[in-house]
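Visitor: One structure coming up, written as structure tokens, with questions to follow.
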Ligand SMILES: C[S@@+](CC[C@H](N)C(=O)[O-])C[C@H]1O[C@@H](n2cnc3c(N)ncnc32)[C@H](O)[C@@H]1O
């Protein structure tokens, strides 16, 4: 039997009787996939591990508490033989052979009529890896191949475009703060499948260099907008490319819905009747302070954090931020897009009662090779930004959390 390679096949076990002999570690590892396949599972074993017992208690399997007896495999479609008694295992596999039941044996792959592949899942596919022959079976090697394939599919380094079921329309993908490793698995996969990518200045620009040459990469800042506002021009570009049947990714920095105008784009797409998938991203408001050693909350120090936009000054009539109320909060204040206006912001907070010696940290280009952290207080921050030449993009953190870390990132 072992001279020929095994024939790979996917068993559709829904409602079909599967017999498992032995309730130990092997059963514990294999049962979840059999349950997920909808099999009618009968466990025969005098004992079981607590996890296997819990599956029986939950009604996911039927458990007969006794050793294997001849006849147990009579009506099975498939059997897993994994008792600790080699004689019982041999007798059971002889019975399986008699009844023509495919059976896996945990103690003797050579004597089995079926082998369990190393399996993993990624976005609607199951990856299953089998060795070609029982002799020289190396389960660690097959598991490593499985891991490499699944990992590659998940992070997009193994590009396998969908030809039948590609994500239609436009995906608004949050790319994270800048480090290419900080995009989500789903975001990276959609990027790997895209025909067109419309990208912002912020976010994981390095990922664009990895895209295959046929992918059209459009810099959102450079879309000509003639009589349109820039955002309308971007919306139109998304709609036009999607209407041509292309897979479009709108790659944004951080999370699409944190000062990212993501909902404006989602609404424009909905109005044009184009499907839109939103993929959340890691927002710079939390991750950039974290990358510089600043937690936005800390036990006994800050029980809240507030994220605000500082793109307009506090005295600007367009400002929607209640700076007077923010000055009274004890927690952490995180300001995005605030480098240019930080002088006015600090002045306003102090004027409304925030202590002038409240610590402030500015983290520029967080999570990238150019990351830089500059520390100040509300009293000194305007001057520090000037002398240290702090430039956008930067996340500004105001509050005692600035000083709780070990200082390794300063
Ligand atoms: C238009 S907002 C977009 C925020 C984004 N949607 C998010 O969730 O992170 C741009 C601002 O985010 C902050 N920002 C984004 N990425 C950053 C990074 N890598 N380092 C520092 N600040 C960053 C800066 O305050 C920048 O001005």
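The values are calculated or read from the model by the stated rules, or taken from the named source; none is laboratory data. This is a predicted model, so every value here is computed, not measured. Cβ placement follows ideal geometry from the backbone for every residue including glycine, while neighbour counts extend to all protein chains displayed.
Visitor: With surrounded by 15 or more Cβ atoms within 10 Å (Cβ to Cβ), under 22 Å from residue 34 (Cα atoms) and modelled with pLDDT under 90 as the only criterion, which of 112, 160, 123 stands out?
Guide: One residue alone meets the criteria, 123.
Visitor: Answer yes or no as to whether residue 46 is without any contact (Cβ under 8 Å) to a residue 24 or more places away in the chain and not in a helix (DSSP H, G or I).
Guide: On the way: without any contact (Cβ under 8 Å) to a residue 24 or more places away in the chain: yes; not in a helix (DSSP H, G or I): yes.
Yes: the conditions hold for residue 46.
Visitor: For the condition under 19 Å from the mean Cα position of the chain (by Cα), modelled with pLDDT of 90 or more and either buried (at least 22 other Cβ atoms within 10 Å of the Cβ) or within 16 Å of the ligand (Cβ to nearest atom) (or both), what is the one hit in 290, 260? So that I can check it myself, show each step before the final result.
Guide: Details: 260 fails: under 19 Å from the mean Cα position of the chain (by Cα).
Exactly one of 290, 260 is under 19 Å from the mean Cα position of the chain (by Cα), modelled with pLDDT of 90 or more and either buried (at least 22 other Cβ atoms within 10 Å of the Cβ) or within 16 Å of the ligand (Cβ to nearest atom) (or both), namely 290.
Visitor: Determine whether the stretch 102-110 contains at least one residue that is over 16 Å from residue 11 (Cα atoms), in contact with a helix residue (DSSP H, G or I) (Cβ under 6 Å, 6 or more places away or on another chain) and in contact (Cβ under 8 Å) with a residue 60 or more places away in the chain.
Guide: yes
Visitor: Also, I was wondering about something else. Only residues that are more than 13 Å from the ligand (Cβ to nearest atom) and in a helix (DSSP H, G or I): list them for the stretch 335-379, please. Full working, then the answer.
Guide: Of all residues in the stretch 335-379, those more than 13 Å from the ligand (Cβ to nearest atom) come to 343-344, 346-360, 375-379.
Within the stretch 335-379, 343, 344, 346, 347, 348, 349, 350, 351 meet the criteria.
Visitor: Further question on the same structure: Examine the stretch 241-254 for a residue that is within 30 Å of residue 400 (Cβ to Cβ), within 12 Å of the ligand (Cβ to nearest atom) and touching a strand residue (DSSP E or B) at 6+ places or on another chain (Cβ under 7 Å), and state whether such a residue exists. Reasoning before the result, please.
Guide: So the first thing to find is which residues in the stretch 241-254 are within 30 Å of residue 400 (Cβ to Cβ), and the list is 253-254.
Among the residues that remain, those that are also within 12 Å of the ligand (Cβ to nearest atom) are: 253-254.
Adding the requirement that they be touching a strand residue (DSSP E or B) at 6+ places or on another chain (Cβ under 7 Å) leaves 254.
Scanning the stretch 241-254, I find at least one residue that is within 30 Å of residue 400 (Cβ to Cβ), within 12 Å of the ligand (Cβ to nearest atom) and touching a strand residue (DSSP E or B) at 6+ places or on another chain (Cβ under 7 Å), so the answer is yes.
Visitor: If you don't mind, another one. Taking the residues in the stretch 320-334 that are assigned to a loop (DSSP other than H, G, I, E, B) and within 16 Å of the ligand (Cβ to nearest atom) as candidates, determine which candidate is surrounded by the most Cβ atoms within 10 Å (Cβ to Cβ).
Guide: So in the stretch 320-334, the residues assigned to a loop (DSSP other than H, G, I, E, B) come out as 320-322, 329-331.
Filter once more, so that each one left must be within 16 Å of the ligand (Cβ to nearest atom): 320-321.
Values: 320: 7, 321: 18.
For the stretch 320-334, the residue satisfying everything is 321.
Visitor: Then there is this: Just wondering, is there one or more residues in the stretch 294-305 that are within 16 Å of the ligand (Cβ to nearest atom), within 31 Å of the chain's Cα centre (by Cα) and not in a loop (DSSP other than H, G, I, E, B)?
Guide: Here is the first cut: in the stretch 294-305, the ones within 16 Å of the ligand (Cβ to nearest atom) are 294, 296, 305.
Okay, now just the ones that are also within 31 Å of the chain's Cα centre (by Cα), so 294, 296, 305.
Now drop any that are not not in a loop (DSSP other than H, G, I, E, B), which leaves 305.
Looking for residues that are within 16 Å of the ligand (Cβ to nearest atom), within 31 Å of the chain's Cα centre (by Cα) and not in a loop (DSSP other than H, G, I, E, B), one finds at least one in the stretch 294-305, hence yes.
Visitor: Still on this model: Please state which one of 234, 274, 218 is more than 16 Å from the ligand (Cβ to nearest atom), touching a helix residue (DSSP H, G or I) at 6+ places or on another chain (Cβ under 8 Å) and either farther than 25 Å from residue 367 by Cβ or part of a helix (DSSP H, G or I) (or both).
Guide: On the way: 234 fails: more than 16 Å from the ligand (Cβ to nearest atom); 218 fails: either farther than 25 Å from residue 367 by Cβ or part of a helix (DSSP H, G or I) (or both).
Going through 234, 274, 218 in turn, the sole match is 274.
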